[in-house]
Amino acid sequence: MLVFIDESGDSGLKIGRGSSRYFTVGLVVFEDHDEALACDERIGFLRKELGWKLDREFHFKNNSEKVRCLFLRAVSSFNFFYYGIVINKDPEKLYGEGFRKKSSFYKYTCSLVFENAKHKLDSAIVVVDRSGSLDFRNQLAQYLRRKMNRDKRRIKAVKMQRSESNNLIQLADYVSGVINRSVTNTKKKADDYRKIIAHREMYVQIWPK
């Protein structure tokens, strides 16, 4: 089992002064390694179809409407499922000292989405975008294993890889971007993107309500 996670938005709390209203983490699960490989290869082939360089990254926020639709349709036939957690950073609802530190904010958000998905996880290899300091990455790996493996080995390993060299982290970026766009509902095609992969959605939580 392979799990890929990425985020959309930011964990800052300065709403109206540069920080996003919502922070979203998407979690993509492949139960079968061969299916994950096939999806990876399809994303690589789409890059060729578009005439892109082989190292050009798919990124929901930066891609055009046309590319977004092509990407989502290309992956929609593969057997994966996804979860999402959307943090509403309304200062009247989100309080507590822990949320003021970006590292603890991110770890807690990840724990929420993994908690929602834990009944599906079994000896999963979790792949996270290799950003932030080595110390933070190690803390995140330890935190997730400690949270998820209390009564069962749900997470076998946590690996860090660069998103630009991993097509399936780019898929997780798209999933989190699609969810975030749908929830904010302020831009064109806010829900249209999500409809393309709706059959892959397991559960998306908005917290706090």
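Within the range 18-42, the set of residues being buried (at least 20 other Cβ atoms within 10 Å of the Cβ) and either out of contact with any helix residue (DSSP H, G or I) (no Cβ under 9 Å at 6 or more places or on another chain) or assigned to a helix (DSSP H, G or I) (or both) comprises 36, 39. Picking from residues in the range 176-207 that are among the β-branched types (Val, Ile, Thr) and touching a residue at least 60 places away in the same chain (Cβ under 8 Å), the one that is nearest to residue 70 (Cα to Cα) is 196. Pairs linking a residue in the range 156-175 that is under 10 Å from residue 4 (Cβ atoms) to a residue that is at pLDDT below 95 and open to solvent by 20 Å² or more (accessible area, probe 1.4 Å), with Cβ atoms under 6 Å and 6 or more positions apart or on different chains, are 161/130; 163/129; 169/129. For the range 148-162, the candidate set comprises residues that are aliphatic (A, V, I, L, M), in a strand (DSSP E or B) and surrounded by 12 or more Cβ atoms within 10 Å (Cβ to Cβ); within that set, the residue that is modelled with the highest pLDDT is 155.
Residues being modelled with pLDDT under 75, among the hydrophobic types (A, V, I, L, M, F, W, C) and out of contact with any Phe, Trp or Tyr (no Cβ under 7 Å at 6 or more places or on another chain): count how many of those fall in the range 12-30.
Step one: of the range 12-30, the residues modelled with pLDDT under 75 are 12-19.
Filter once more, keeping what is among the hydrophobic types (A, V, I, L, M, F, W, C): 13, 15.
Keeping just the survivors that are out of contact with any Phe, Trp or Tyr (no Cβ under 7 Å at 6 or more places or on another chain) gives 15.
Of the residues in the range 12-30, 1 are modelled with pLDDT under 75, among the hydrophobic types (A, V, I, L, M, F, W, C) and out of contact with any Phe, Trp or Tyr (no Cβ under 7 Å at 6 or more places or on another chain).
There is no residue in the range 100-109 that is over 17 Å from the mean Cα position of the chain (by Cα) and farther than 22 Å from residue 180 by Cα.
Can you report the number of residues in the range 105-126 which are polar (S, T, N, Q) and within 12 Å of residue 140 (Cα to Cα)?
So in the range 105-126, the residues polar (S, T, N, Q) come out as 109, 111, 116, 123.
Then keep just the ones that are within 12 Å of residue 140 (Cα to Cα); that gives 109, 111.
Count: 2.
Residues that are closer than 25 Å to residue 117 by Cβ and part of a helix (DSSP H, G or I) occur at least once in the range 55-71.
The single condition from (1) over 17 Å from residue 4 (Cβ atoms); (2) surrounded by 15 or more Cβ atoms within 10 Å (Cβ to Cβ); (3) not hydroxyl-bearing (Ser, Thr, Tyr) that residue 138 fails is (2). Name the residues in the range 173-209 that are polar (S, T, N, Q) and outside any strand (DSSP E or B), would you? Within the range 173-209, 176, 180, 182, 184, 185, 186 qualify. Picking from residues in the range 190-209 that are surrounded by 15 or more Cβ atoms within 10 Å (Cβ to Cβ) and basic (Lys, Arg), the one that is nearest to residue 88 (Cα to Cα) is 194. In the range 81-99 there is no residue that is surrounded by 20 or more Cβ atoms within 10 Å (Cβ to Cβ) and part of a helix (DSSP H, G or I).
Go through the residues of the range 103-120 one by one and say whether even a single one is over 16 Å from residue 6 (Cβ atoms), modelled with pLDDT under 85 and either assigned to a helix (DSSP H, G or I) or open to solvent by less than 80 Å² (accessible area, probe 1.4 Å) (or both). Yes; the residues of the range 103-120 include at least one that is over 16 Å from residue 6 (Cβ atoms), modelled with pLDDT under 85 and either assigned to a helix (DSSP H, G or I) or open to solvent by less than 80 Å² (accessible area, probe 1.4 Å) (or both). Checking the stated criteria, residue 126 turns out to be closer than 16 Å to residue 147 by Cβ, among the β-branched types (Val, Ile, Thr) and either open to solvent by 60 Å² or more (accessible area, probe 1.4 Å) or at pLDDT 95 or above (or both).
The values are calculated or read from the model by the stated rules, or taken from the named source; none is laboratory data. Quick caveat: nothing in here was measured; it's all calculated off a predicted structure. Note that each Cβ is placed from the backbone with ideal geometry, even for glycine, and that neighbours are counted across all protein chains shown. Protein only, heavy atoms only, side chains kept; ligands, DNA and RNA dropped before computing areas. Shrake-Rupley method; radii C 1.70, N 1.55, O 1.52, S 1.80 Å.
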